[in-house]
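The values are calculated or read from the model by the stated rules, or taken from the named source; none is laboratory data. This one's a predicted model, so the numbers in the text were calculated from it and none came from an experiment. Positions of Cβ are backbone-derived with ideal geometry, glycine not excepted, and every protein chain shown enters the neighbour counts.
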Amino acid sequence: MGPLSIIVAVFSLLLGPLGLGSIGAGGLFRPYEAATCSFVLGFATLDHLIPSVIGSCLDNEQHDPVTGDALQHTTNGLLVWRKSDNFTAFTDGYHTWVNGPNGVQERLNSQRFSWEANPTRLPVVATAAPAVTATARCQFVNGFLMIQRQIPAIVGDCVDNEHTDPTSGDIIQHTTEGILVYQKSDGTLAFSDGSDTWVEGPDGLRERPNNERFSWEANPQDLPVVQQ
C-alpha cells in the first residue's frame, strides 16, 4: 500500500458518514484558491456559529454526483450536508461539529451522537459538549419578522442581524435553519432552508422547491414553474 492509499484509508476511517464519497476528487484539504467563493444557506449558518473552526472557503458549494451530498472545502477542513439524514456538519479530519436537534455539537470522528445514523456501530457520545447557540443580541425586524411569525419552527432562531450582501445588494439574515432574503431585484421576501423556499407573494406565504419558481417570480434561469 503506497503513501496515498494509506492517507485515503485513514480519512475513510475517521470521517464515517462524512466519507470519501463526500470529499470528492479534490481531497479534504486543497491549496489556497482565489477568494471568489462564499458560504450560503446551511453552510453560512454553520460558519456564523463557529467561524474560527471552519476558516475561510476555498471553493463554492458543490454536489457529489455519487452520494448527492453537498460539500464545500475550507482552509480548515470540509463542510458537508448529508442527503441521507439532512444534517449539516464540518470536519477537520479528526473532530466533527454537527448542526443537530440540540444546536451545533462537537464529537470525535470515531464517535456518533445518539440521534445520528450509526450503521458501523461506533461508540455513542456519552455526554455531548454544550451546543453552540444563536447569539442573544440578534433579532428579526420588519419583513423578516413577518415571515418568522408565520413559520417560526421552520425559520428557527436568528444567528445574526439583517445586513446587505455587497455583491447582490440583497438584504439577508442567517438563522439556525437557513437564510432570510429580501431580493432587491424584484422586492421579494423569502426564507430558504437549502431545499425549499417560502416566498411572500400576492397570495401570502407559499412554499416551493428551490429548483422551481412561481409564475409571478423573476426567473432568469428559466426554471420550471410551480403548477397551480
Considering only residues that are under 26 Å from ASN161 (Cα atoms) and touching a helix residue (DSSP H, G or I) at 6+ places or on another chain (Cβ under 7 Å), look in the range 42-70 and name the one that is surrounded by the fewest Cβ atoms within 10 Å (Cβ to Cβ).
GLU61
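Given LEU71, LEU78, which one is closer than 24 Å to SER52 by Cβ and either out of contact with any strand residue (DSSP E or B) (no Cβ under 7 Å at 6 or more places or on another chain) or without any contact (Cβ under 8 Å) to a residue 60 or more places away in the chain (or both)?
Numbers: LEU78 fails: either out of contact with any strand residue (DSSP E or B) (no Cβ under 7 Å at 6 or more places or on another chain) or without any contact (Cβ under 8 Å) to a residue 60 or more places away in the chain (or both).
The unique qualifying residue is LEU71.
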So, VAL141, is that one surrounded by 14 or more Cβ atoms within 10 Å (Cβ to Cβ) and either within 21 Å of the chain's Cα centre (by Cα) or at pLDDT 85 or above (or both) or not?
no
All conditions in (1) free of Cβ contacts under 8 Å to residues at least 60 places away in the same chain; (2) farther than 23 Å from THR167 by Cα; (3) surrounded by 17 or more Cβ atoms within 10 Å (Cβ to Cβ) are true of ASN102 except (3)
Which of the residues spanning the range 82-96 are at pLDDT 90 or above and not polar (S, T, N, Q)?
ALA89, PHE90
Looking at the range 21-30, can you tell me whether even one residue there is under 16 Å from the mean Cα position of the chain (by Cα), modelled with pLDDT under 80 and part of a helix (DSSP H, G or I)?
yes
